[in-house]
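Here's the structure we're looking at; comments come further down.
Each reported figure results from applying straightforward, stated rules to the coordinates on display, with no laboratory input. All values reported here derive from a predicted model rather than from experimental measurement. Don't worry about glycine lacking a Cβ; one is built from the backbone with ideal geometry, like all the others, and counts go over all protein chains shown.
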C-alpha cells in the first residue's frame, strides 16, 4: 500500500486517494482542429514506463485536491509530489529502482 | 487404548511450569503436558512422533522442526466444535492449554492405519505433472475417476461448517522502529532503541521472547540465555514507548514500510477462559519509519531415501525440544550433517543421557571446533559418509550408512545400518529472508554460508543476526545493537551511549559444504526409497529432475510443476534444497538458477482475521435516507443502489412483488404516488463562470437558462460516451444545483473537480456536495397537484402558475422547501426538497394529508417501470459506457453550435457515425397475451434475426435487452433494447433468444406511454375525479 | 376544491431559530424539526460509554461550507468573529468558542456556529464577494451527524479503523483532519474539551452513514477495557 504525501495534508495511506492516470496530458485547446488520430491519442494513449512516472492523484478522502506525483513504477516509491501547474522536480537517480 | 505418559520428559530443566498439569486429547487419547508446552513438545514428551499423514502418498509424518517452518505436524483443533474448529494448525505453534483437543489431518480411518498409504506405491504414475497429464489424457477419467479420488485423499483438515462466533480486531499503528523477531539480535536492537523517546514495536511470533537463546546453551555476561532474555524483557516493559507484541507474526511487508502482523490474542487460552469481548486474533497494520528484520534462520533437512519418517528431526529442533521443553525426543541417536554447527545437537543429547550411535558427516574434513569436541566426547564420527536410506514405519528404526562413489553418488547398498529412534539431520541454515524479499530487497547467494542472504534493500530497513546470514552469537548481538541505535538516530532521536559489547559464551559455528541430495549412483536412482524435498506436497528429488527433463528449467516453472513450496508452509524447509537439486540437474550454479518470489503471508492468516470487523452489517456501510425508518414501518423490501438502501416496493399483506408493483404503478398513473428520491446526488455550483462550466460539461446549451428554471442534461467523458444524466436548476445569478444519478454521485463530483482543478483552473467555479443536506420526496400522478395544494396552502403551485421544468421556494407542510417541477414518470410530478433532518416530518405529513387521495408510496421498481414506459433511460441500465447520446436517441440534447464540450470531438469520429451502431428502441412481444407475465423477456437477453438460432454458429447478435417489465398501463410486457441500426427498423420483427427457443418481438419507439406528453401537467379527468 | 384542514403548526413557516415549531416532538426525536438519525441508537451509545471511552452526539449546529480565496479571509474573519485558518488540518475558534472555522482544503473551510444562524450568516458572507469578485458559501448544517468520543481510550477505538497516526505526538487538540474511518469518510476534530481537559474527538460523518459509523464504533468499543491501554 502506497504512502502518498498530499502537498497539503502530508503523508496519507493510498485508500484516501483516487488515481488520475498520467500527468501533464493537457486537453487540447481546440479539439476540433485535431485529426481523428491525434484526438484518439489524447483520449486513449498513455505512457507506461518502467521507472519514474508522473501521474495525477486526488486526495478524495481528505482535502479533495488534485496534485502530481512522481512514482517509481518498480519500487512504488513516491519520489516527489508537486501541485497542479508546477513542473516536475528533479529526482535523484539513486532513488529510482526502475533506472537500474 | 494406549496409555500415554510423559516418558520423554526429563526430570528437570526447561521453561515449563511443572507445578501444573494440563490434560489434552490427541486423536482420542488423553495425555499430559505443562504450561509452557506447545502441542508438539507435549506430544514428544508423551512419546508421540507420528502426528499425521502426507498429502499425496499418505506417508506417516512427524515433527521435523520446532517452529513455524515445520512442514509435517499439522493438526485439526477443536474438531468437535463445528464453529471453532481450526484446520492446518502447526503443532509446533499451538500453545498447550487444558482440555485442548487435536486430531491428525489427512488420515482415514486413523493415523496409525491409513488406507491411503497404498498410494505410496503409485509414485511412478503420480510424479510431477500428474494432474496435468491425467487431465490432458481423458476428461472423462479425470471427472469420474481421478478427481473424486484425489479430492477424497488430499487436502488438509476440515473447514468449520458454522459461522465463526469469535471477534477479530484490527489496529492501525505507527512507530519509529519496528523490530521483527525477538531473538538475540532483535532483543539487542530493542535494547538500544528504547528510552530514546522513539516509538518502538517489537513483534515476536512465539509467546516467549528469546528465539534461539531458549533453544541453546549460551551465556551472555554470565547469564543463562533465558535469564538474559528475562532481564532485557523487564527493561523493555519498563519503557512506555515500547510495545511488546508476543504471539504476533509479521506476515506481510508492503510498500513504504507498511507491515501486517497477526496477533493471536486469546488462542493460547482455553475456549471457555477467553475474557468476554476480547478478540481471538488481531491484525496489526504497522507503518514504521524504519524496520529492523531479526527474523532468524531455518535449518534445512537433508535429502536422501525415506528421509521423511517420524523420528527424523532437524538437529536444532532436537536442541530446542531438549533445552526449552526438557523433552528428549529419542534415546538412540544418529546425526547426519554437512556442517559443524549440528554437532552441538549430538553433544547436547549425549550430555542429556541419550546414546549417540553415529555422526554421519558427508564432508571428508569437518571443521576444528565442535567436531573436535564430539570426538573428545568419544562419539563415533563417520566423515565422508552419507545416509542412503532409513527403515521403520510409524517411527524410524535405523539409518543405512553408505559412501559416495567417485561421481559423488551414494552407493546403492548399505555399508552399515545403525539402529536408532531419532535421526537428526542438518543441511545448514537458510536465513529467513521472506519479509526482506517481500519488501523488494534483492538476495545474494553466499557460497561460504551455502545460503541466500539479503543483499540490497529498497526500503528503510536493516537485516541483523541470522536473518543477515550472521551466525556467531556475539556478532548477532553487536549487529542488533548497532541497527537499533541507527534506527533511532534516523528517526531523529538520541539513542544515548552504546552499551559495552557483552561477554558471550558460545561455540564456534564452523564450516559447511553443500549436500543437496545424497543421490544414488547412476542407474540405481530408486535404490534408497523416496528422497523427499517438500514434505508437505510430497515432492521428491525425482520430481524435480523429471521437471527439468521435461523442459521446466525456470525455477518458477519447476515450482508450479512439482508443487514445491505450495503447501501451507510455503516450502520453508524445501525451497533451497529444490533449488540445489535443480542446479545440479541443470549443471548451472545456484545464482543462475535463481530463487522463487517470496509472497505474503509468511505463515497462514485466517480469513476471519483479515476481515476483522468487516463482517455482516459492517462489511459495507448501508447508507440510509432520512425517511428510512418510515419505509421499514411500511414493510418495504429494499434494493441496494450503490451503498444506498432504497425502497424497492412496498408489498401489502398477501401481495407478491408483481402485484405490489402493479398496484403502485396504477396508483401513480391514476392517483398519486410518493417516492423517496433523497439518494440522487446534488451538487451546489457557485461562481461567475458556473454557466460556462455547465456548458463545457453537459452536451447541451446552458447559458440562457433563466433563474428559477430547470434543464435536463447528459454529460459524456472525453470518449463521447454517456457518463451521467440529471437535471440542473438555476438557483441564482451565479448559482446552480445539479442532480446526478444515485450511483454516480461521487464519480460525477470527482469528474467535475478534476476538470476544474486540472484543465480549467481559470474558471471561477466552486462545487460543494449537498446530497445529504436535503431530503427529497417526489409526488407523482394526476392528483399530485391536489396534494401539493393541500401541503402548500396559500401558495399557487398549480401547473399553470408553476410551469414544468422550473422550481420555487415554498413552505410545504410547514417546512421551508425547494420544490422542483420535473418528471421521471410522465405524470404531473413535484420534487420537494427539505433539510435532511426534516425529511421524516415531510413524509409523515404527505401520507397523512393524502390519505383520501389514495397517496401510495412507491419504490424503485415502480419508478423503473414508469420511466421505461416513457422511454427514459437509466444510466448504468441503458448504458454501459459504450453509448453516445445519439445511440440513446438524445441527439436533441447535443448542441451543434457550442464550439466544445467534454466528449464533443469524439462524437465526430467515424465510428460514432456508423448507421449500424446499437440504438435505443422499444420492444414489444409480437403475440401479445394480456396478463401473461411470461411475456416479460429477461433483461440481458440477446436479440437476433428471426430464425437465426437455427442457423449454424456464430449467430450475429443484433443487440440486447437493457430493461424489461410488465406494464399495467399497457397490459403487456415491454422492454427497452439496444439494437443495431434500431431506429431505422421500427416495426420490424426480431427474435429474443432464450434458452428454450426464440420469441418474436416487434421493434417500436422507446416512448410507449402518453407519447404526446399530455399527462405531464396533470390529467384533467383525474384531477376532476379527485375533486 | 375541498382541502382538508391541517394542524395549524404544519401550515406555518418554521423559524429555524425558534425550536420545534413543526409540532412533531422535540429536536432529535422522530418527526421533529431536527430528527437525528441516531435516535434509535442513543440508548446503546450511553450503555457502551464508560470511564475509558464515551460516545455521544452533539446538539444541532449551523454549518456552512466556505469556498474562498485567502485574500477574502481577513474580511470574513472580521465579519464572522474568527479568521479561517490557512494551516492545513487545523481549526480556529472565536474568543467565546461559539464559532469555529475548520480547514477542509486550501480554499475550503467549514464554519460552525450556533444553531439557527445559517441564513443570516450565509447572506452576510456572500456580501464579501464584492471586494474580491466571488466566493462560494453553502449551508451544510443538515449534511452531517456529529459524534463525540471522549476518554483515555478514544484514540485507541479510532485506531481500529483509521490509518492516521493518532498518537498525541502526531495529532493533538487544535487539529481537524478528513480521513477514512472504517469504510466511511469522516472529519475528525480534536479538542481538549473532554472531562479534565482531556481528549474530545468530534467525528463528523454524513447523515446517511451515521448509523453505520455508530454501529461500527460500538463494536470497536466492545471489550476495550480488556485491552492494553497503551497507545
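Taking the number of Cβ atoms within 10 Å of each Cβ as an exposure proxy, the fewest-first ranking of B:158, B:20, B:572, B:896 is B:896, B:20, B:158, B:572.
Between 0 and 90 degrees, rounded to the nearest ten: what's the tilt of helix B:860-869 against the longest Cα principal axis of chain B? Long axis of B:860-869 versus the principal axis of chain B: about 50 degrees.
Between the helical axis of B:657-670 and the dominant principal axis of chain B, each derived from Cα atoms, what acute angle in degrees is found, rounded to the nearest 10? Roughly 30 degrees, rounded to the nearest 10.
Angle, helix B:315-325 long axis vs. longest principal axis of chain B, Cα atoms, 0 to 90°, nearest 10? So the helix axis and the longest Cα principal axis differ by about 90 degrees. The mean of 1/r over all pairs of different alpha-carbon atoms in the protein assembly as shown, once inverted, gives a Kirkwood hydrodynamic radius of 36.0 Å. Segment B:732-806 and segment B:285-355 have their alpha-carbon centroids 73 Å apart.
Taking one quarter of the surface of the C-alpha convex hull of chain A gives a mean projected area of 7.3 nm².
What does the helix-only formula give at 222 nm for chain B: each DSSP H stretch with n ≥ 4 adding -39500 (n - 2.57), the total divided by the residues, and the result rounded to the nearest 500 deg cm²/dmol? Only helices count here, giving -5500 deg cm²/dmol. Segment B:706-727 and segment B:430-473 have Cα centres spaced 58 Å apart. For chain B, the square roots of the Cα gyration tensor eigenvalues, ordered a ≥ b ≥ c, give a/c of at least 1.5 with a/b greater than b/c, which places it in the prolate category. Answer rounded, prolate or oblate for segment B:797-937, using the Cα gyration tensor with square roots of eigenvalues a ≥ b ≥ c: rounded when a/c is under 1.5, else prolate when a/b is larger than b/c, else oblate. Because a/c hits 1.5 or more and a/b fails to exceed b/c, segment B:797-937 counts as oblate. Per-residue ellipticity at 222 nm, computed for chain A from helices alone with -39500 (n - 2.57) per DSSP H run of at least four residues, works out to -2500 deg cm²/dmol. Take every pair of alpha-carbon atoms less than 8 Å apart whose residues are at least six positions apart; their mean separation over the length of chain B yields a relative contact order of 9 percent. The ranking of B:866, A:2, B:364 from fewest to most other beta carbons within 10 Å of each one's beta carbon is B:364, A:2, B:866. Classify segment B:291-335 as rounded, prolate or oblate from the Cα gyration tensor: take a ≥ b ≥ c as the square roots of its eigenvalues, call it rounded if a/c is under 1.5, otherwise prolate when a/b beats b/c and oblate if not. Oblate shape, in that a/c is at least 1.5 and b/c is the bigger or equal ratio.
Each Cα pair under 8 Å and six or more residues apart adds its separation to the average, and for segment B:434-569 the resulting relative contact order is 13 percent.
Taking every C-alpha pair closer than 8 Å and separated by at least 6 residues, the mean separation divided by the residue count of segment B:22-116 gives a relative contact order of 34 percent.
Put in line by how crowded their Cβ is, counting other Cβ atoms within 10 Å and starting with the fewest, B:610, B:55 read B:610, B:55. For the residues of C:175-187, the average number of beta carbons from a partner chain within 10 Å of their own beta carbon is 4. So, in Å, what gap is there between the alpha-carbon centers of segment B:835-854 and segment B:891-907? If you average the Cα positions of each part, the centres end up 42 Å apart.
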